[in-house]
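S.K.: There's a structure below that I have some questions on.
Laboratory data are not the source of any read-out in this text; all were calculated from the coordinates shown. Here the structure is a predicted model, which is why all the values come from computation and not from measurement. Please note: Cβ atoms are built from the backbone with ideal geometry, for glycine as well, and neighbour counts cover all protein chains shown.
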């Protein structure tokens, strides 16, 4: 006996979900590369604010594609709506990447770029929460276990990054620092690049792996079903 015909509405929702996961998979590394290059390199500055807007818009588009899936699930909806809000903030702040590259001495642009950096870290953390909620709804125990385990690790590393950045900012504001605090500030300045590389690229890579595996699980269990 052949399997019952799938719900067309569910198939459309899953199709949009897969497109949204693909947009996030490609958009996350593109957003990091494009925004860093737009701030530091001259070759992207010829396109003005368009490259940062395009990549942050791609991330918002990806989340919007996932909007019709399981709308009745409150934890899933709350995580997705929060991620969309942060993505919208990133989209609005993305032009400051170009403006800061042209006038880095302007305090407003520097502040906006700092807010965008914090918002980008929060966005990656919330994407992990979205993946965790999504994995809990899919009928794959291995995926459910991996998303629960790795999203906790990713969010922990990103929280540590924000705490270190806040500590660095607070120490820099102190006029008369004890020698220990001065040593910590010097160490943070020297290890800053390595810390950012570890605490950003590692969670980013794990998030991309989870995005890809989630998409593959959906394709294998729904679109490649055997009777």
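S.K.: Between segment 105-121 and segment 54-99, how far is it from one alpha carbon centroid to the other, in angstrom?
M.R.: 19
S.K.: For the chain, set up a GNM with springs between Cα atoms under 10 Å and report which of 197, 151, 214 has the largest fluctuation.
M.R.: In the Gaussian network model the winner is 197.
S.K.: Still on this structure, I have one more. Using R₀ = 25 Å, calculate the FRET efficiency as 1/(1 + (r/R₀)^6) where r is the Cβ-Cβ separation of residue 202 and residue 118; round to 0.05.
M.R.: 0.85
S.K.: While we're on this one: Divide, for the chain, the radius of gyration over alpha carbons by 2.2 N^0.38 Å, where N is the residue count.
M.R.: Normalised Cα radius of gyration, the chain: 1.17.
S.K.: Taking the Cα-to-Cβ direction at residue 167 and at residue 138 and moving 7 Å from each Cα, how far apart do the two end points lie in nm?
M.R.: For residue 167 paired with residue 138, the spin-label model returns 3.6 nm.
S.K.: Computed over the Cα atoms, what is the radius of gyration of segment 100-147 divided by 2.2 N^0.38 Å, N being its residue count?
M.R.: Cα-based Rg divided by the globular estimate yields 1.85.
S.K.: Same structure again: How big is the Kirkwood radius of segment 44-98, worked out from every pair of different alpha carbons and given in Å to one decimal?
M.R.: Value: 12.1 Å, from the Cα pair sum.
S.K.: How much length is gained if the chain between residue 73 and residue 108 is pulled fully straight, taking 0.36 nm per residue apart and subtracting their Cα-Cα distance, in nm to one decimal?
M.R.: 8.6 nm
S.K.: Something else: Cut-off is 10 Å between beta-carbons; in what order do 115, 89, 186 appear when sorted fewest neighbours first?
M.R.: 186, 115, 89
S.K.: At 222 nm, what value in deg cm²/dmol follows for the chain if DSSP H runs of at least 4 each add -39500 (n - 2.57) and the sum is divided by all its residues, to the nearest 500?
M.R.: Value at 222 nm, helices only, nearest 500: -27000 deg cm²/dmol.
S.K.: For 73, 105, what ranking results if the residue with the fewest other Cβ atoms within 10 Å of its Cβ goes first?
M.R.: 105, 73
S.K.: For segment 123-164, what does the equivalent ellipsoid look like in terms of its semi-axes, each the square root of 5 times an eigenvalue of the Cα gyration tensor, given largest first in whole Å?
M.R.: One finds semi-axes of 22, 10, 4 Å for segment 123-164.
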